[in-house]
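Written out below as structure tokens is the structure these notes cover.
The values are calculated or read from the model by the stated rules, or taken from the named source; none is laboratory data. Just so it is clear, the structure is predicted and the values come from calculations on it, not from any experiment. Using ideal geometry, Cβ is built from the backbone for each residue, glycine included, and neighbour counts are taken over all protein chains shown.
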Amino acid sequence: MAESASIHATFSRPRWLTAPVAAGALIVLFWAGVALTVQWWPIDDPVAFVGKRLAAPSETHWLGTDALSRDVLSRTLHGAQHSLPIALVVILSAVAIGATLGAIGGFLGGLADSAVMRLVDITLSFPPILLAMAVTASLGPGLWHAAIAMIIVWWPIYARLMRAQVLAVREREHVEAAVAAGASAPRTLFAHILPLCWSPILINATMDFGQVVLLIASLSFIGLGASPPTPEWGQMISEGAQKFYQWWIAFGPGMAILSVVLGFNFLGDGVRDILDPRTQ
Amino acid sequence: MYRYIIRRLIAMPLLLLGIVSIAFLITHFTKGDPLISIIGERQMDNPIVIAAAKARWGLDRSLPEQYLIYVGNLLTGDLGTSLRTKQGVGLDLLQRLPATLELVVAAMLVGSLIGVTLGVAAAHYRDRAADHFARLFALIGSSLPVFWSGLILLFIFWYTLGVLPGPGRLDTRSMAPPYVTGFYTIDSLVAGDLRIFAESISHLILPACVLGWAVMGIISRLVRASMLDVLNQDYILAARAKGASEPRVLVNHALRNALIPTLTIVGFSFAYLITGAVLSEAIFSWPGMGSYAVDAARNLDYPAIMGVTIVGGAAFLLTNLVTDIAYAFVDPRIRFG
């Protein structure tokens, strides 16, 4: 390790910036860029009928066309505009709800803590996909209903993480000092405990982002998420499964999901190395 | 430790009740009217049909009443009646259990065989190319949407190469072997029908590989971590000093001990298995509990959705309990918090 460290030092590359982390960051940046700008790209309209039905990949349609003669590449790229914002909303909401309840439970203890943690235990007792399916089916199929279902599935994870952090930080000496110096309870929590609690949540949120994208696509594939003609990845793969012999219909969206999930996984490793020195 | 186990056991019924209550609440605070899926939209302006259907399915009672009736029925093993199959949900699930179990066992076999091999190789070649390859291969498995990888593999091995059969547990014209266990591979052997046996195995390969690849990641990571722990211990050094060959050290000395903590893998990979089973059954037209759940959700068959969710939750709860207790026995260092 010593030799390789000195070699790396000459390039003055930060330790966390490994090839996978860089690749993950690039993939995530690419898809974020696509999601933000794809409506101005000079490509076909994702819901317009262009050319022949079920045409194989060619120079004009790099990933071919689907059963309604829509351009698969354009639909794949536009899919980022559905999956990524929804995943972002799901993660942010789940973190907001979970971190708040977890912090309250961990800080106050007693009845509030027990109530929150029992709810967490019960929610985490469900296999995620079954709970998400049940909630979405009950709300009625739709992308935003699927998003609500996923928030319900994911918040307990962050509640647990936050509670554990708050419990650990609460015992530290600087908190004791703050309390002894007369800091009020809210001030102790917000100024002295919470700022030290975010690392595990940030690490997990990055890793989970890809899993959320995967679950949205799964729900859409089952028919509970996006509905036609929305160019959503899971929905497109479901259309591809019906036109099985035309492999290119499902190829683009599948690769898109795979790259996003891998990208966030790699990026999450980097975030962990930065925030959690113990893992190095 | 026994106090820990007893405490976990006491919590079980409460958690089960929580699962049932939440599943009930979710499926009853619904925007969609379950009546539509019972009697169809055309009958919705016929008050006589509506009243009859409400009485038949207990929808004329208040919500707390419905809840108490449901829980009471559950205690007698009655999971309600599916709106779609018009059959008891419990019976539906029981009939589909063997197909799912057969798939899951086959997938665990594939996943642990390759996963353990990858884990051992990754630990042995730590931080070298093989380690990185093993990690990437496993990571891709857990990042792939199984409903897509299944589709691609079907396209390659069934449609293009023609070496493996298409979806389903058997060829469409084949008859299922006489029922003994519900596992076609075992039942066909019991019946002495080798052709059906070969057919059921070949039908299992693709779904088992797809699902096995999805759980391989967690298995190989656990084995790798556990192997690294063991390889650093003195008795490994002693074995090497005595001149034991490297494969012998790895398999006979290290792996045997490294596998003990990873025996609880089944528990850890259960969540992946369920997710994977639901989706791969859907793509492989596998007549198991996963495709039942998908059909129930697609057709808004609320009693079936509720039944599947409760059974899935109970199974998940039980696996976690067994895993945690087994883990506590295996690793005495574990704290009983």
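Quick notes on this structure:
- Those residues of region B:239-285 which are in a loop (DSSP other than H, G, I, E, B) and either without any contact (Cβ under 8 Å) to a residue 60 or more places away in the chain or within 14 Å of chain A (Cβ to nearest Cβ) (or both), in sequence order: B:242, B:243, B:244, B:245, B:269, B:284, B:285
- Qualifying residue in region B:133-142 (condition: within 13 Å of chain A (Cβ to nearest Cβ), under 23 Å from residue B:283 (Cα atoms) and β-branched (Val, Ile, Thr)): yes
- Residue B:139 being buried (at least 21 other Cβ atoms within 10 Å of the Cβ) and hydrophobic (A, V, I, L, M, F, W, C): no
- Cross-chain or 6+ apart pairs with Cβ under 9 Å, region A:166-195 first and closer than 13 Å to residue A:108 by Cα, then among the hydroxyl-bearing types (Ser, Thr, Tyr) and crowded, with 16+ Cβ neighbours inside 10 Å: A:170/A:188
- In region B:144-167, residue farthest from the other protein chains (Cβ to nearest Cβ) [restricted to those that are surrounded by 16 or more Cβ atoms within 10 Å (Cβ to Cβ) and more than 24 Å from the chain's Cα centre (by Cα)]: B:157
So that you can scan it fast, the table gives a plain yes or no per residue for (1) under 30 Å from residue B:181 (Cβ atoms); (2) within 13 Å of another protein chain (Cβ to nearest Cβ); (3) at pLDDT 85 or above:
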{"position": "B:5", "(1), (2), (3)": "no, no, no"}
{"position": "B:9", "(1), (2), (3)": "yes, no, yes"}
{"position": "B:18", "(1), (2), (3)": "no, yes, yes"}
{"position": "B:31", "(1), (2), (3)": "no, yes, no"}
{"position": "B:42", "(1), (2), (3)": "no, no, no"}
{"position": "B:69", "(1), (2), (3)": "no, no, yes"}
{"position": "B:95", "(1), (2), (3)": "yes, no, yes"}
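- When residues of region A:206-253 are limited to those that are away from chain B (no Cβ under 11 Å) and among the polar types (S, T, N, Q), the one nearest to residue B:153 (Cα to Cα): A:235
- Taken together, the residues in region A:228-251 that are in a helix (DSSP H, G or I) and surrounded by fewer than 24 Cβ atoms within 10 Å (Cβ to Cβ) amount to 5.
- Enumeration of residues in region B:218-240 that are within 25 Å of residue B:147 (Cα to Cα) and either of a type in the set (A, V, I, L, M) or modelled with pLDDT under 85 (or both): B:218, B:219
- Among all positions in region A:154-175, there is no residue which is facing chain B (nearest Cβ under 10 Å), of a type in the set (Phe, Trp, Tyr) and surrounded by 24 or more Cβ atoms within 10 Å (Cβ to Cβ).
- Qualifying residue in region A:171-193 (condition: closer than 20 Å to residue A:275 by Cα and in contact with a Ser or Thr (Cβ under 9 Å, 6 or more places away or on another chain)): no
- Region B:209-228, residues that are more than 21 Å from the chain's Cα centre (by Cα) and crowded, with 24+ Cβ neighbours inside 10 Å: B:224, B:227
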